[in-house]
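Just so you know, all these numbers are worked out from the coordinates, no wet-lab data involved. Just so it is clear, the structure is predicted and the values come from calculations on it, not from any experiment. Counting neighbours? That spans all protein chains shown, and the Cβs are built from the backbone with ideal geometry, glycine included.
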Amino acid sequence: MVTTVDFLQQLNPSQRQAVEHFCGPLLVVAGAGSGKTRALTARIANLILNRRVDPGNILAVTFTNKAAREMKERIEKLFAEQEALARHSKPLHMLSEYEQIQLRSYVYKTFLKELWIGTFHSLCSRILRFDIEKYQSPDGQSWTKSFSIFDESDAQSLVKSIVINQMNLDDRKFNPRSVRFAISNAKNQGQTPDEYEEANPTFKGRAIAEVYRYYQRGLSANNALDFDDLIRVPVQLFRQNEQVLDYWHRRFRHILVDEYQDTNRTQYDLIQLLTTNGKGNQSFDDWKNRSVFVVGDADQSIYSFRAADFTILMGFQKEFGDGLADEETETLVKLEENYRSTSNILDVANHLIENNTERIEKILRATRGEGDAIFCHRADNEAMEAEYVVSQIRNLEMKNPELNWKDFAILYRTNVQSRAMEEVLTRFSIPYKVVGGLRFYDRREIKDILAYLRLVVNPADSVSLKRIINTPRRGIGKTTLDNLDKAAAELEVPLWDIMKDETSLKTLAGRASKSAIAFSRMVSSWQERADTVSPTEIVQEVLENTGYLEELKSKGTEEDLNRIENIQELYSAVAQFEEENEDATLNTFLANAALSSDNDKDNDENNQVTLMTLHASKGLEFAVVFLVGLEQGLFPSFRSLEDAAAIEEERRLCYVGITRAQDRLFLSHARERRTYGHMREVSTPSIFLSELPRDYIMTTVPSALPERWATTTREANLKNPQPNLNKPGTHEDDWSVGVPVNHKAFGEGKVTHIFGAGNKICLAIHFPGIGKKIIDPRTTTIERLG
DNA sequence: GGACGGTGCATTTTT
DNA sequence: TGCACCGTCC
């Protein structure tokens, strides 16, 4: 293949610097709309085309399937374009359809297929399909290749049964959801049950640690992993088995991570192990033909409640990089040119985010003109707010021929807020879609069918077995199930081990034994043939032989017909999966299903106004954005009001919302809002509104935009550590790298890096024996020793 | 085993 | 307010 550098010439200097960086570590701080996906894809192309890197040596990690898919598509297109020029001296679109298809298929086979591009979870599940049988947990648990992946509801029901049945705890005090949340958090921080208990030596902490122990045993007994373990198990395996780690370390010579601010501790460990082969960052210096390239934006870190930790991004320079100041460093590139929004919108966003203390100094530079003014409206209540929004949408749509319904987005903090908007949109017959809600694979009928398939692949999966043992009804009631379950528990074997034995069934199942045996034989026959027969065939048999479809058809309500449609869609998904993957098995299909959240199959009607939460909007852009419900207690959420760090995260969320807008931005809030039915509360406008530059914003009513809150008001709202601007040692000039310090709890350490500038700084301090901490000198007292 | 009503709960949620 | 879940009753 003759290479051209065409795709490099479309990049700006910073993008180009990032893309052409070859070996060693690089942190790319990529602001909103700065072309980071372009940089990532161009970098992969550059590695392969100009640096002769084997595609099989590249690992690109994303957080969503959508991002992975997008990256693949863009790389395929980029390669096809290069190839078209090289082979035919013509741009791709000038070629005949046949030539284009030929080229794309060549590109797919030669490059795309070899590249590992995917989410942390899908990549880890692939690694585990190779190596999980080499792993043994510290407690001696092990898994086989046919492991099930438990989704959140499987995990929660396991926790629930432990809380109630095994530990006899009050499930109101130990609500399964929050217990599962605590366990998940512990796992993502790399804590074992013992370590969790040590860190939480209360009654509750001890109890949760015990649930955690049972929970891990439960997962193993089901030959199942939850989402957290999917990443944690490879990390532990790499730590306990040098050969396995060495293999993957050699294989992935160039690692790219997207949305690096969203990585959690375990995900970081994984990247760190793969990069350094377990040698540790400090002693690892063999960057020959090897790189770790991470892209992220600390200002868009909005998933800390999911254990994401953006201080990992802030620490990259110290951990992997040269740690030098911005002017001298060779391991940091900032993409600050924004191609998305008008300068008015960017100025407002920049102003807002300046109020955060924990960040890497960065400013979005506009490449577009000033644009329209930003509006702020105060409505009497949520219904009036919705009317304001919808009337603006109608107006703009009517007066601007270039604007379609799909160019509008309404963004809110919480899902319930969609209701008021939907009512008015419906009243005016404006087409809209609400993003979020029930995932395809979370629907009851889909989960039922998948449970059958899971049981076929993984007979130890008792959670799936219990789900479908009597669905559809076959007379195996609670009493029978209890008997079988008790026997299984007594013998410490999976429930299916009892179920598959007809003698046992006859003894234990009593009146239900006849249908239990029929059920057992049916499932056994699928299990026996699963390796030889195609997945679609098994699915077809499940649908027919269980009578599942039959039952829905006979009931025939509208809901049932809908379920039948969904099941048909599932069947198509299996068929499509088979076509697209030559090595398609039931097992790989199930992994794929568990790890995909696609509910965006609404391609029939696309010209619609989009309604979604701010979280869901990350990564998207719209010509016109409405940011609604800007009220103190709603946005920022009342749960964040007393915690400075949480307020900063909400502010980042607001920043994300503002930077979604390309041309026009509308802000709104309501004086009164009905919450949970009756309570009507007079609300204060959001603190974020008070932080915006007034000159940029037109108000529709006099009281729409609040005055900048006095520091005292702000302090009253933030009871926790308060930035104290008059405290000594809060200015960047007070510090320099290498200065020894003393901290009350951590002892003596050395400053290794200074983030930020002026009196808005954070210090990275290394404490021997403890590690690195990022500390804000305004909220924490640190004594300078040198 | 299913229909019914009472009770309690209720951010955000990439996988 | 709206729903998910549970226990009760037939």
Checklist entry - Lysine pairs, Cα distance under 25 Å, 8 or more residues apart or cross-chain: how many in region A:374-467? => result 4
Item to check | Which of A:CYS23, A:CYS124, A:CYS654 has the fewest Cβ neighbours within 10 Å, and the rest in rising order | outcome: A:CYS23, A:CYS124, A:CYS654
Checklist outcome for this item: Once normalised by the length of region A:376-517, the mean sequence separation of its alpha carbon contacts under 8 Å that are 6 or more apart gives a contact order in percent of 14
Checklist entry - Size of region A:456-502 along its principal axes in angstrom, Cα-based, largest extent first? => result 27, 25, 20
Checklist outcome for this item: Taking a straight Cα-to-Cα line shorter than 18 Å from A:LYS72, and setting aside same-chain lysines fewer than 8 residues away, one finds A:LYS36, A:LYS109, A:LYS113
Next on the checklist: Using the Cα centre of chain A as origin and beta-carbon charges of +1 (Lys, Arg) and -1 (Asp, Glu), tell me which of A:GLY280, A:TYR214, A:VAL389 is placed farthest towards the positive end of the dipole.
Outcome noted: A:TYR214
Next on the checklist: Based on the alpha-carbon set only, what is the convex hull volume of region A:148-222 divided per residue, in Å³?
Outcome noted: 80
Checklist outcome for this item: For chain A, the dipole about the Cα centre with charges only on Cβ (Lys and Arg +1, Asp and Glu -1), to the nearest 20 debye, works out at 760
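Find, among the GluC sites (Glu not before Pro) in region A:383-448, those assigned to loop by DSSP (not H, G, I, E, B) with at most 10 other beta-carbon atoms within 10 angstrom.
On the way: sites: A:GLU385, A:GLU387, A:GLU397, A:GLU402, A:GLU422, A:GLU423, A:GLU445; in loops: A:GLU402.
Answer by residue number: A:GLU402.
If the limit is 24 Å between Cα atoms, which of A:LYS279/A:LYS362; A:LYS478/A:LYS514; A:LYS134/A:LYS318 go over it? Each step should come with its number before you reach the end.
Numbers: A:LYS279/A:LYS362 32 Å; A:LYS478/A:LYS514 16 Å; A:LYS134/A:LYS318 34 Å.
Going by Cα-Cα distance, A:LYS279/A:LYS362; A:LYS134/A:LYS318 fall outside the 24 Å limit.
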Checklist entry - Which of the aspartates and glutamates could a cross-linker bridge to A:LYS750, judged by Cα under 19 Å and excluding same-chain residues fewer than eight apart? => result A:GLU319, A:ASP322, A:GLU732, A:ASP733, A:ASP734, A:ASP776, A:GLU783
Checklist entry - Against the longest principal axis of chain A, how steep is helix A:558-580, in degrees 0 to 90 to the nearest 10, with axes from Cα atoms? => result 80
Item to check | Rg [Å, one decimal], Dmax [Å, integer] - region A:440-593, C-alpha atoms | outcome: 15.8, 46
Next on the checklist: For chain A, take the longest principal axis of its alpha carbons; what is the angle in degrees between that and the long axis of helix A:265-276, to the nearest 10 within 0 to 90?
Outcome noted: 90
Checklist entry - Could you state the principal axis extents of the C-alpha atoms in chain A, from the largest down, to the nearest angstrom? => result 80, 71, 64
Checklist outcome for this item: Taking a ≥ b ≥ c as the square roots of the Cα gyration tensor eigenvalues, with a/c under 1.5 meaning rounded and otherwise prolate when a/b beats b/c or oblate if not, region A:178-217 comes out rounded
